[in-house]
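The values are calculated or read from the model by the stated rules, or taken from the named source; none is laboratory data. The structure presented is a predicted model; accordingly, all values stated were derived computationally and were not measured. Glycine also receives a Cβ, built like all others from the backbone with ideal geometry; neighbour counts cover every protein chain displayed.
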Amino acid sequence: MKIDREFLLIVNPFSGKKQGITISKVVLKKLKLYSINPEIIYTEYVGHAEVIGKTLDSNLFSDILIIGGDGTFHELINGLLKREDHYKPCLGFIPGGSGNSLMHDLNLLDPIKAIKPIINKQYKHLDIMQIFWNDKIEYAINIIGWGVATDIAITAEHIRWLGPSRYTIASMYHILRFKKRSATVIINKEKINKKYFFVLACNTQYTGTGMRAAPNAQLDDGLFDVIILNCMIGRFELMQLLPKIFTGEHIDSKHIDYVQTKEIELYPEKEELLNVDGEIKLKTPIKIKILPQILTYYSS
């Protein structure tokens, strides 16, 4: 079976356990059996995938496959959506990171399994979150987190050498710190001013290393899911609650507000960093809107 399309394969050699090149060899061998022989670009620095997405000649490739983690996917999508020529190739996501949040949602955590929809030409559409901040625009595929959600990500990055357990350790540390923040949240035209532990805007169900933060999220429903943890919870209750984020049971807590929406605004008392698709970047205040089914990707 021959597939008459022009493919580019972007490989991040540094994602996750730095297995990108090894994974690419296995993937290329399998694709070759179906006459798919992509051109290959290896990313060389942080942000390189975004540069590729921004500057790639739109006449060259109908499809872009990418081996990496959520950060690499985030970069490529930002590069494509910041273009002025509306170039939107079909995307093929192949897991090569440590968290692989998007691939958890797709149930395509094995690289060989992830290329089956490419071979079978199975397509779906993908919503993307658009972030307005400081007169600029950014895009997110997975999560936008404020508060303790950002604190945990920062600490986890500092202890990255601990592997997947770093998120659990970082979470316990910030439970003990018990830091509360004041903010005004505008959601579904309702303005709420309270103290919070965190506010998460999720496009995917999963974040981090298998945390099912937004169990009702769908990638193509034209909505993103907002999870808000208020400060009325006690430290002991918080210790009991946070482990439930791995199963999605946390949303049953009386201290959690779970809302599906198309738009949200966040105005904290102080300008603070955000967790955007696992990367610590951008600053509050922000406005988030959903861009429904704006991209096409391979998925079974």
Next on the checklist: Among the residues of the range 276-287, are any within 17 Å of the chain's Cα centre (by Cα), closer than 27 Å to residue 134 by Cβ and of a type in the set (Gly, Ala, Ser)?
Outcome noted: yes
Checklist entry - Of all the residues that make up the range 15-35, how many are of a type in the set (A, V, I, L, M, F, W, C) and touching a helix residue (DSSP H, G or I) at 6+ places or on another chain (Cβ under 7 Å)? => result 4
Checklist entry - Out of curiosity, is residue 247 within 30 Å of residue 300 (Cβ to Cβ) and touching a Ser or Thr at 6+ places or on another chain (Cβ under 7 Å)? => result no
Next on the checklist: Quick check on residue 216: is it assigned to a loop (DSSP other than H, G, I, E, B) and more than 22 Å from residue 156 (Cβ to Cβ)?
Outcome noted: yes
Checklist outcome for this item: Checked the range 159-177 for anything farther than 13 Å from residue 278 by Cα, touching a helix residue (DSSP H, G or I) at 6+ places or on another chain (Cβ under 9 Å) and not basic (Lys, Arg); matches are 159, 162, 168, 169, 170, 171, 172, 173, 174, 175, 176
Checklist outcome for this item: Only one of (1) buried (at least 18 other Cβ atoms within 10 Å of the Cβ); (2) assigned to a strand (DSSP E or B); (3) of a type in the set (A, V, I, L, M) does not apply to residue 156, and that is (2)
Next on the checklist: Looking at the range 115-129, can you tell me whether even one residue there is over 19 Å from residue 89 (Cβ atoms), of a type outside the set (D, E, K, R), under 17 Å from the mean Cα position of the chain (by Cα) and outside any loop (DSSP other than H, G, I, E, B)?
Outcome noted: yes
Checklist entry - residue 38 is checked against (1) more than 25 Å from residue 205 (Cα to Cα); (2) of a type outside the set (S, T, N, Q); (3) out of contact with any strand residue (DSSP E or B) (no Cβ under 8 Å at 6 or more places or on another chain) and fails just one. What number does that condition carry? => result (3)
Checklist entry - Quick one: would you say residue 147 is at positive phi, modelled with pLDDT of 90 or more and not assigned by TED's automatic domain parsing to the domain that holds residue 17? => result yes
Checklist entry - When the range 19-47 is examined, which residues are found to be surrounded by 19 or more Cβ atoms within 10 Å (Cβ to Cβ) and of a type outside the set (Ser, Thr, Tyr)? => result 20, 23, 27, 31, 36, 38
Checklist entry - With respect to residue 166, is the statement that it is of a type outside the set (Val, Ile, Thr), at pLDDT below 85 and either on the phi > 0 side of the Ramachandran plot or surrounded by fewer than 19 Cβ atoms within 10 Å (Cβ to Cβ) (or both) true? => result no
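Let's see how each residue does on (1) farther than 30 Å from residue 163 by Cβ; (2) surrounded by fewer than 22 Cβ atoms within 10 Å (Cβ to Cβ); (3) within 19 Å of the chain's Cα centre (by Cα); (4) at pLDDT below 95:
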site: 2; (1), (2), (3), (4): yes, yes, no, yes
site: 5; (1), (2), (3), (4): yes, yes, no, yes
site: 8; (1), (2), (3), (4): yes, yes, no, no
site: 17; (1), (2), (3), (4): no, yes, yes, yes
site: 77; (1), (2), (3), (4): no, no, yes, no
site: 81; (1), (2), (3), (4): yes, yes, yes, no
site: 99; (1), (2), (3), (4): no, no, yes, yes
